[in-house]
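Undergrad: Here it is, the structure, as structure tokens.
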Amino acid sequence: MPRVQVNGAEVHYRDAGHAASVVLLLHAFPLNGGMWAREIALLERRHRVIAPDYRGLGASAPSGQPSSLGALAEDVRALLAHLRVERAAVAGLSMGGYLAFELYRRAPALFRGLALCDTRAGPDTPEGKAARETFARSALEKGLGWVADEMIPKLLRPDADPLVVKEVRDLVRQGTPAGVAAAQRGMAERPDSTPTLAAIACPTLVVVGEDDALTPPAEAERMSRAVKGSKLVRVRRAAHLSNLENPQAFGAALSAFVDGLAA
């Protein structure tokens with residue numbers, strides 16, 4: 001799969017399908033664009049689908065600096081420019097949602113539509129920031145096995161399918177401890193995106209797993225109320241990684257949304 005040097009970073013990405021209609025998929029922490037394999041297979045029949053890995057996660061090289069949302073947004077913009085993409089439907093899950101907010105603030109004309117999945121608009125509390133720094137240091141000291149052990153109970157239902165647990169563990173292990181730490185430090189400094197909600201002018205879908213404890217349905221409901229005309233979809237029998245735990249329901253909602261967008 002291709003890599004490109006953009007914005008001072010080496011970015012690995014997936015690029016599937018040949019349609020004029022583009023869908024950009026932004027992944028969760030601490031995974032990579034491989035988490036979208038099912039959605040890519042579903043959407044590439046009618047759309048061109050692009051799914052990058054963030055710095056130091058998946059096959060993208062770490063940069064040695066915190067992965068600020070601003071830096072990642074510029075990575076994505078440079079990647080899209082390299083691929084000659086001017087407009088896209090954008091879907092972001094968890095950290096991908098944080099990145100989608102930052103991308104919207106910088107390039108609202110890019111967006112044909114926006115899907116905010118298992119994410120939140122608000123910033124970290126001081127306690128949350130401190131916890132991210134502790135996690136970052138532990139990731140550097142203890143490695144990706146520890147990261148997977150820490151994150152899987154938070155990302156999936158307690159009775160998660162063992163095959164999905166293995167998939168998530170494998171996706172985590174494809175990154176680097178430096179990339180995990182950089183992403184945690186970047187998310188800790190993200191701005192409050194609550195004011196951005198009222199400014200979103202493109203068609204918007206909000207998706208949440210009914211059992212999501214990290215960004216629970218109440219968060220999704222607040223976001224949906226704040227975005228004019230948005231649609232809210234709850235995914236049954238799914239926690240934070242709703243696309244992996246109930247791919248049929250998630251894929252149906254996302255494909256219906258992007259298929260219905262104007263060119």
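Values in this text are rule-based calculations from the coordinates and carry no lab data. If you're wondering where the values come from, they're calculated on a predicted model, not measured in any experiment. Heads up, the Cβs are rebuilt from the backbone with ideal geometry, glycines too, and the neighbour counts pull from every protein chain shown.
Undergrad: Within the range 209-237, can you find the residues that are touching a Leu at 6+ places or on another chain (Cβ under 8 Å), within 13 Å of residue 254 (Cβ to Cβ) and not charged (D, E, K, R)?
TA: The one that is touching a Leu at 6+ places or on another chain (Cβ under 8 Å), within 13 Å of residue 254 (Cβ to Cβ) and not charged (D, E, K, R): 233.
Undergrad: Another question, then. Given the conditions (1) touching a strand residue (DSSP E or B) at 6+ places or on another chain (Cβ under 8 Å); (2) without any contact (Cβ under 8 Å) to a residue 60 or more places away in the chain, report the number of the one that residue 204 does not fulfil.
TA: Every listed condition holds for residue 204 apart from (2).
Undergrad: In the list 263, 252, 239, which residue meets the criterion of being of a type in the set (Gly, Ala, Ser), surrounded by fewer than 18 Cβ atoms within 10 Å (Cβ to Cβ) and part of a loop (DSSP other than H, G, I, E, B)? First the steps, then the outcome.
TA: Working: 252 fails: part of a loop (DSSP other than H, G, I, E, B); 239 fails: surrounded by fewer than 18 Cβ atoms within 10 Å (Cβ to Cβ).
Only one candidate passes the filter, namely 263.
Undergrad: Assess whether residue 137 counts as being over 15 Å from residue 66 (Cβ atoms) and among the basic types (Lys, Arg). Break it down into steps so the answer makes sense when it comes.
TA: Working: over 15 Å from residue 66 (Cβ atoms): no; among the basic types (Lys, Arg): yes.
No: the conditions fail for residue 137.
Undergrad: With 120, 137, 157 as the choices, which residue is assigned to a loop (DSSP other than H, G, I, E, B), in contact (Cβ under 8 Å) with a residue 24 or more places away in the chain and over 24 Å from residue 90 (Cβ atoms)? Spell out the reasoning first.
TA: Numbers: 120 fails: over 24 Å from residue 90 (Cβ atoms); 137 fails: assigned to a loop (DSSP other than H, G, I, E, B).
Criteria check complete, one pass: 157.
Undergrad: Which residues, counting only those in the range 173-185, are touching a helix residue (DSSP H, G or I) at 6+ places or on another chain (Cβ under 6 Å) and either of a type outside the set (D, E, K, R) or free of Cβ contacts under 8 Å to residues at least 12 places away in the same chain (or both)? Working first, answer last.
TA: Taking the range 173-185 and keeping what is touching a helix residue (DSSP H, G or I) at 6+ places or on another chain (Cβ under 6 Å), we get 173, 177, 180-181, 184-185.
Within the range 173-185, 177, 180, 181, 184 qualify.
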